[in-house]
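Here the structure comes first, spelled out in structure tokens, and everything after it is commentary.
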Amino acid sequence: MRAGREPDAAKLVAVTKTVPAEVIWEAEDLGLRDFGESYIQEAQGKVQALKGLAGVRWHMLGHLQRNKARLAVELFDVIQSVDSVRLVEALERHAGDMGKVLGVYLQVNVSGEGQKSGIAPEGLGELVQAVRSAGHLQLEGLMTIPPYDDDPDASRVHFRALKALAERYCINGLSMGMSGDYEVAIEEGATLVRVGTAIFGERGTV
Ligand SMILES: *Cc1c(COP(=O)(O)O)cnc(C)c1O
């Protein structure tokens, strides 16, 4: 195998934005257990509708505003878009109130694209420290979204940069790779890939 890794070395998060609850139910029946959503309002109805599914983990992938932190802690098991110390503080406070331990990925803007969410690599050390000293947050890894490119190989340099940062801070988890570039991501050490359209087909509008 090209990546020189076991096929199950990376966990699959099925990205279900715009996918109706009935289809998620079927996906769970086929064995998928990790689902990702990008918009908190859209996720709310689905998470509640599928509450009965035991062993399912919900991942928040989209940008999270601090005033939505409480709802996010209520709905999700893992937040993959954590990118500021103030958000860390809000999540810790709400998770503490609810007596819940929340999984966290720190989203890093490794490409330096201006409009993109994610912490700049220079700010990552402080953020890692904040999560590691928070009793109700479990640091599971780093996450990145490379700039869109038709060529999957264009993502490689960004995946390598994320891996180098993870090594610097002794972090094991790497959430990287989407439908277009998950194979490259796995070659570069992804432990979790986030795949939507390659599973569910092209997204319509909600
Ligand atoms: C939508 C989304 C995905 C999945 O994208 P596909 O190209 O459909 O696989 C992965 N990660 C994030 C953060 C997303 O918003």
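Just a few scattered comments:
- Expected 222 nm ellipticity per residue - DSSP helices of 4 or more, -39500 (n - 2.57), all of the chain, to 500: -10000 deg cm²/dmol
- Accessible carbon and sulfur surface of the chain relative to its total accessible area, %, 1.4 Å: 48 percent
- Between the alpha-carbon centres of the range 159-206 and the range 64-122 there is a gap of 18 Å.
- Amide H contacts for ILE79 (H built 1.01 Å from N in the peptide plane; partners 5 or more residues away or on another chain; cut-off under 5 Å): MET60, GLY103, VAL104, TYR105.
- Under the convention that each Lys and Arg Cβ holds +1 and each Asp and Glu Cβ holds -1, the size of the dipole of the range 49-206 around its Cα centre is about 700 debye.
- Computed over the range 82-196, relative contact order equals 22 percent, with contacts defined as Cα pairs under 8 Å that lie 6+ residues apart.
- For the chain, the solvent-accessible area with a 1.4 angstrom probe is 50 square angstrom per residue.
- Estimated at 0.36 nm per residue, the fully extended path between HIS63 and TYR169 surpasses their Cα-Cα distance by 35.8 nm.
- Here the label points at ASP150 and TRP25, each 7 Å from Cα along the C-beta direction, are separated by 4.1 nm in the simple model.
The values are calculated or read from the model by the stated rules, or taken from the named source; none is laboratory data. Just so we're clear, the structure is a prediction, and the values are computed from it rather than from any experiment. Note that each Cβ is placed from the backbone with ideal geometry, even for glycine, and that neighbours are counted across all protein chains shown. Surface accessibility is based on the protein's heavy atoms, side chains included, excluding ligands, DNA and RNA. Shrake-Rupley method; radii C 1.70, N 1.55, O 1.52, S 1.80 Å.
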